[in-house]
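Just below is one structure, and these are the notes that go with it.
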Amino acid sequence: MPDQSPTRWQPDRTPEPAAWPLPGMLTTLGRGLLGRCPACGQSHIFNGFLRVLPECTVCGAPLGQARADDAPPYFTIAITGHIVIPGMLLLEQAESPPLWVHAAIWLPLTVILALGLLRPVKGATVGLMLKLGMMKTDAEA
């Protein structure tokens, strides 16, 4: 007697191949950190300080569809805080300088770090989102 058990439906788990090159994760993040296209590495990713191009001019990767939103500022604040706060505490413990010295050192350093890290962190975030396929769809637009 043949097997009468119903066959279970299984989703197709093979992702659609991308029309642009998809390098490894570290390569993608590194290219994004450098402000290059995470997919091909040949074109720039930004059209201004933080504005991402709609698509790569070389390989056509949909860079503008990766909506980084609040992730880059969050990561930038976390990195800056992990650099500045221990430095403040170590200086206070070692020398105990007056408050104006702390302000003269740490306020400019905080601003410089935050502004200096924001663009590379956004590039890496866009690269990560491109690698993971986290682009907005036409229905979300």
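The values are calculated or read from the model by the stated rules, or taken from the named source; none is laboratory data. This is a predicted model, so every value here is computed, not measured. Neighbour counts are summed over all protein chains in view; Cβ atoms, including those assigned to glycine, are modelled from backbone coordinates with ideal geometry.
Which residues, taken from region 60-77, are within 20 Å of W20 (Cα to Cα) and either modelled with pLDDT of 95 or more or crowded, with 17+ Cβ neighbours inside 10 Å (or both)?
Within region 60-77, A61, P62, L63, G64, Q65, A66, A68 qualify.
Of all the residues that make up region 78-122, how many are hydroxyl-bearing (S, T, Y) and at pLDDT below 95? It would help to see each step written out before you state the result.
We begin by selecting, within region 78-122, every residue hydroxyl-bearing (S, T, Y); these are 80, 96, 110.
When the remaining residues are screened for being at pLDDT below 95, the result is 96.
Residues flagged as hydroxyl-bearing (S, T, Y) and at pLDDT below 95 within region 78-122 amount to 1.
For residues in region 20-39 being assigned to a loop (DSSP other than H, G, I, E, B) and over 15 Å from A66 (Cβ atoms), which is farthest from the chain's Cα centre (by Cα)?
Selected residue: P21.
If you check G127 against the conditions, is it touching a residue at least 24 places away in the same chain (Cβ under 8 Å) and part of a helix (DSSP H, G or I)?
yes
Quick one: count up the residues across region 22-70 that are touching a Ser or Thr at 6+ places or on another chain (Cβ under 7 Å), farther than 17 Å from K131 by Cβ and not polar (S, T, N, Q).
Summing the residues that are touching a Ser or Thr at 6+ places or on another chain (Cβ under 7 Å), farther than 17 Å from K131 by Cβ and not polar (S, T, N, Q) in region 22-70 gives 1.
Take V84 and decide whether it is buried (at least 17 other Cβ atoms within 10 Å of the Cβ), more than 25 Å from K136 (Cα to Cα) and among the hydrophobic types (A, V, I, L, M, F, W, C).
Details: buried (at least 17 other Cβ atoms within 10 Å of the Cβ): yes; more than 25 Å from K136 (Cα to Cα): yes; among the hydrophobic types (A, V, I, L, M, F, W, C): yes.
Yes; evaluated as a whole, the condition is true for this residue.
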